[in-house]
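Data first, discussion second: the structure below is written as structure tokens.
The values are calculated or read from the model by the stated rules, or taken from the named source; none is laboratory data. Predicted model, so just to flag it, every value in this text is computed and none were measured. Ideal geometry is used to build each Cβ from the backbone, glycine not excepted, and the neighbour counts take in all protein chains shown.
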Amino acid sequence: MRILVTGSAGHLGEALVRTLRNAGQDVVGLDRLDSVHTDVVASVVDRPAVRSAMAGADAVLHTATLHKPHVMSHPRQAFVETNVTGTLVLLEEAVAAGVGTFVHTSTTSAFGRALTPMDGAPAAWITEDVVPRPRNVYGATKVAAEDLCELVARDDGLPCLVLRTSRFFPEQDDSEQVRAGYADGNAKVNELLYRRIDLSDVVQAHLAAMAKAPEIGFGRYIVSATTPFDPADLAELRRDAPAVVERLFPDYPDLYARLGWRMFTGIDRVYVNAQARTDLGWEPRYDFRHAMELLRAGKEPRSELATSVGAKGYHPVTIGPYTTR
């Protein structure tokens, strides 16, 4: 099987290339940045380069994008060109090349303002039924790219699945309040409860989507660690998250005390991955419970793949909390 992976120099792109090649797959990595995982150095808007890289491909895993940290450094037009035009170029060339599967990496940031409930309201329960309300050009262009995926899937019959992934970057949090109040590892483990996923589980979701796309045709899926919460918890989660977590994990306070960690006082949204697990047959491993088990054993709460890929950064100089590369 020949697989084109865009964004092969990035976190997810590298992880996919590594995993697929280790499994004996024929992989072509495309990225505008050269790397040991990149075979074609080109932009996704370079149609001739994309067409050449696409030749003979059975599947496309499209991870290349301008990210949220680029909002502070790139004009809106650059987001349109990369995230929208680049996705359209890939979709059209995939159809022309007779590709059988297309998986587009999107983001839970697409939900935007829908993620933040009003003061005093319960935490938001985020499923695929929630209507996106983009907060910035990043979210707006990712939603537009998703819509192009649906259009091409419906009009041209290209099996295409969209994965709205939650946080998996290893850099420090973009919130100054979180950075000042919580150790980095503490914050990331807390987030596994409701808004984070391990890189290894993101990779497995993409592989599951690649296999299931011909059967499903088109679909959008939330890809995040499995939350232990249910809708009955939402009101209390917003005002007293530690009480809810202790009820579900009675031994977590002792472990956190030993580590010098704290739970967030309140949680404002919960990502629900049930549809992805059901439709894709995907079984994420690195949830909060698993992290607790690893921490008790004195081990790193992240996967080996996540630690191996490490931090990538987003800019050549520091202009934000997690932007250096």
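Quick rundown of the values:
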{"item": "Candidate set: region 8-24, residues that are in a loop (DSSP other than H, G, I, E, B) and in contact with a strand residue (DSSP E or B) (Cβ under 6 Å, 6 or more places away or on another chain); chosen: the one modelled with the highest pLDDT", "result": "SER8"}
{"item": "Region 258-312, residues that are closer than 26 Å to ARG113 by Cα and surrounded by fewer than 15 Cβ atoms within 10 Å (Cβ to Cβ)", "result": "THR265, GLY266, ALA274"}
{"item": "Single residue of SER35, SER43 found to be surrounded by fewer than 17 Cβ atoms within 10 Å (Cβ to Cβ) and touching an Asp or Glu at 6+ places or on another chain (Cβ under 9 Å)", "result": "SER35"}
{"item": "Number of the condition not met by ALA59 [criteria: (1) surrounded by fewer than 20 Cβ atoms within 10 Å (Cβ to Cβ); (2) closer than 25 Å to THR141 by Cα; (3) among the aliphatic types (A, V, I, L, M)]", "result": "(1)"}
{"item": "Residue list for region 236-279, restricted to those being of a type in the set (Lys, Arg) and either within 22 Å of ILE222 (Cα to Cα) or within 23 Å of the chain's Cα centre (by Cα) (or both)", "result": "ARG238, ARG269, ARG277"}
{"item": "Helices (runs of 4 or more DSSP H) wholly inside region 165-242 containing at least 1 residues that are at pLDDT 95 or above and hydroxyl-bearing (Ser, Thr, Tyr)", "result": "199-216"}
{"item": "Residues satisfying the stated conditions in region 101-123, i.e. at pLDDT 95 or above and more than 29 Å from LEU151 (Cα to Cα)", "result": "ALA121, PRO122, ALA123"}
{"item": "Residue match in region 137-144 (condition: among the charged types (D, E, K, R), in a helix (DSSP H, G or I) and without any contact (Cβ under 8 Å) to a residue 40 or more places away in the chain)", "result": "no"}
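Each row is one residue, and each column tells you yes or no for (1) touching a strand residue (DSSP E or B) at 6+ places or on another chain (Cβ under 8 Å); (2) of a type in the set (A, V, I, L, M, F, W, C).
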{"position": "LEU161", "(1), (2)": "yes, yes"}
{"position": "SER166", "(1), (2)": "yes, no"}
{"position": "ASN190", "(1), (2)": "no, no"}
{"position": "THR226", "(1), (2)": "no, no"}
{"position": "LEU234", "(1), (2)": "yes, yes"}
{"position": "ASP240", "(1), (2)": "no, no"}
{"position": "ARG247", "(1), (2)": "no, no"}
{"position": "ASP251", "(1), (2)": "no, no"}
